[in-house]
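Here the structure is laid out as structure tokens; the discussion comes afterwards.
The values are calculated or read from the model by the stated rules, or taken from the named source; none is laboratory data. Only a predicted model underlies this, so the values are computations on that prediction, with no experimental measurement involved. Cβ sites come from the backbone with ideal geometry, for glycine too, and all protein chains shown count toward neighbours.
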Amino acid sequence: MRRQACFVGLVLCGMLTTTACAAPPLNEAPEGFVALFNGDDLDGWWGLGTTHYRKYRNLSGDRLAKMRADSRADVNKHWRVESGELVNDGEGLYLTTNKFYRDFELRLQYKTVAGADSGVYLRGIPQVQIWDTTEAGGKWKIGADKGSGGLWNNPKGAHGKDPLAHADKPFGQWNNLRITMVGSYVNVTLNGQHVVKDAKLSNYFERDKPVPADGPIQLQTHGGEIRWRNVFIREIGADEANAYLAGLDTESYRSIFNGKDFTGWAGPTERNAVVDGAIHSSRGTIYTAERYEDFVIKFEFKLPPGGNNGLAIRYPGEGDTAYVGMCELQVLDNTHPAYAKLKPHQFHGSAYGMAPALRGYLRKPGEWNYQTVTVRGHRVIVELNGAVITDADLSKVDPKTFMYKAAKFKGRMRTEGHFGLAGHGKPIAYRNLYIKPLD
């Protein structure tokens, strides 16, 4: 029946007008997407090279406007719109979106020529590679023989640097590129083949840090003409992003919260609550009845404005986990004006008082965040919304950098204990808590 239906559909299409059966009009975004290129002009774009994000992302409105305006002469020299296609001559600055994007799905088509070298910068970071993959192109020694679509600026041997398949079409044909990015994780599909799967994009400008939480899309071009069309983007919301991150690793985890009550938990549970399938942690430290040595825990949490809480790591069952446990990992709306004078060791994700976390990766208060914490030996790794914001071995952190004398953190060398939630006032919601003990 399916073949017959398909055949009937083809016959009917043949009987209908050409307009009814034609491909969708150029540069008209499908449902859920918006067009970054309108098919007529360069509205919404400016020019930028391979430029460190610190040079533009925090500029005042006037200074950024001037930087964009100054780029127009170069953009107009090397870019043009021709028959609904965006064309670059192989030189000049790269087209850069005015808007910054966080998590997204990007779809576009491109067509290039022999010798050309190009790519797509994600949040201003190079890049999903596009190039001449023939031997005549002269770049097989640096990976062109493997095809386009890889995260070429990732370190040698890193996951995603080389595409999983050679999926390029011959010169003169349009290639279909689909890129999704959640946190630092990138997936690339080229002409229907999944060429990069769940790979972290390395921060080209600061190798020891994750890529920024948001940034512009850039169309990089050099070495030969490249044409672009049907450039569409869909922003990915918190729920979809969290579902993706939760699916990255599902092996051997078990739930530590049943979504209904505090079965399996101890401590002052009566001072806290379960509401709509989530623990609302507000007062005192509640903790799992089970104790753990090394483990990975993953969960979602939602902060109210000014919310303050913490994760009790290897908690002994009494006392202040920041000092008697291995540590307290901050859960905090550090964007709130009340916390404008925080010290680095107090930001969200920090091992309180001992090891600071990177800022800028929390979602807005009221949105669900996704976090993974890995505890192995004395090392703690915190990944927030797909970006590692803390990676510290508490046995090796210089005590001179602590907020207080090292003797105050007497539990930091603990090797086992409970996992808990330390409430400090406003209720913080936690849901979908899963833990995986490590060997």
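Every listed requirement among (1) within 16 Å of the chain's Cα centre (by Cα); (2) buried (at least 18 other Cβ atoms within 10 Å of the Cβ); (3) of a type in the set (A, V, I, L, M, F, W, C) is met by Phe257 save one, (1). Look at region 351-371: where a residue is farther than 19 Å from Phe100 by Cα and a partner is hydroxyl-bearing (Ser, Thr, Tyr) and assigned to a loop (DSSP other than H, G, I, E, B), sitting 6+ places away or on another chain with Cβ atoms under 8 Å, you get Gly353/Tyr404; Pro356/Ser350; Ala357/Ser350; Pro365/Thr335. For region 271-292, the candidate set comprises residues that are under 29 Å from the mean Cα position of the chain (by Cα) and not in a strand (DSSP E or B); within that set, the residue that is farthest from Gly325 (Cα to Cα) is Asp276.
With under 25 Å from Met354 (Cα atoms), in contact (Cβ under 8 Å) with a residue 60 or more places away in the chain, in contact with a helix residue (DSSP H, G or I) (Cβ under 6 Å, 6 or more places away or on another chain) and crowded, with 22+ Cβ neighbours inside 10 Å as the only criterion, which of Tyr315, Tyr287 stands out?
Residue meeting the stated conditions: Tyr315.
Tallying residues that are among the basic types (Lys, Arg), modelled with pLDDT of 95 or more and not in a strand (DSSP E or B) within region 106-140 yields 1. Looking only at residues of region 212-254 that are under 28 Å from Val388 (Cβ atoms) and acidic (Asp, Glu), we find that the one that is surrounded by the fewest Cβ atoms within 10 Å (Cβ to Cβ) is Glu251.
What about Thr321, is it at pLDDT 95 or above, over 26 Å from the mean Cα position of the chain (by Cα) and exposed (fewer than 15 other Cβ atoms within 10 Å of the Cβ)? So Thr321 does not fit the description; no. Report yes if Phe409 is farther than 22 Å from Leu421 by Cβ and touching a residue at least 24 places away in the same chain (Cβ under 8 Å), otherwise no. Against the criterion (farther than 22 Å from Leu421 by Cβ and touching a residue at least 24 places away in the same chain (Cβ under 8 Å)), Phe409 does not qualify.
The residue list Tyr361, Tyr339, Tyr352, Tyr370 contains one member that is assigned by TED's automatic domain parsing to the domain that holds Tyr315, closer than 25 Å to Ala278 by Cβ, surrounded by 14 or more Cβ atoms within 10 Å (Cβ to Cβ) and modelled with pLDDT under 95, which is Tyr339. Could you identify the single residue in Gly423, Gly417, Gly377, Gly411 that is assigned by TED's automatic domain parsing to the domain that holds Thr321 and more than 17 Å from Thr285 (Cα to Cα)? When all the criteria are applied, what remains is Gly377. The strands (runs of 3 or more DSSP E) found entirely in region 179-231 include none that carry 3 or more residues being without any contact (Cβ under 8 Å) to a residue 12 or more places away in the chain and touching a His at 6+ places or on another chain (Cβ under 7 Å). Yes or no: region 400-410 includes at least one residue that is buried (at least 17 other Cβ atoms within 10 Å of the Cβ) and modelled with pLDDT of 95 or more. Yes; the residues of region 400-410 include at least one that is buried (at least 17 other Cβ atoms within 10 Å of the Cβ) and modelled with pLDDT of 95 or more. Considering region 110-137, and only residues there that are out of contact with any Gly (no Cβ under 8 Å at 6 or more places or on another chain) and surrounded by fewer than 17 Cβ atoms within 10 Å (Cβ to Cβ), the residue that is nearest to Pro30 (Cα to Cα) turns out to be Thr134.
How about region 27-65: which of its residues are surrounded by fewer than 16 Cβ atoms within 10 Å (Cβ to Cβ), under 20 Å from Arg123 (Cβ atoms) and of a type in the set (Gly, Ala, Ser)? Within region 27-65, Gly44, Gly49 qualify.
Residues in region 380-395 include at least one that is assigned to a loop (DSSP other than H, G, I, E, B), in the same structural domain as Thr288 (by TED's automatic domain parsing), surrounded by fewer than 19 Cβ atoms within 10 Å (Cβ to Cβ) and of a type outside the set (Phe, Trp, Tyr). Only a single item in (1) over 27 Å from Lys426 (Cα atoms); (2) outside any helix (DSSP H, G or I) is not met by Tyr244, and it is number (2).
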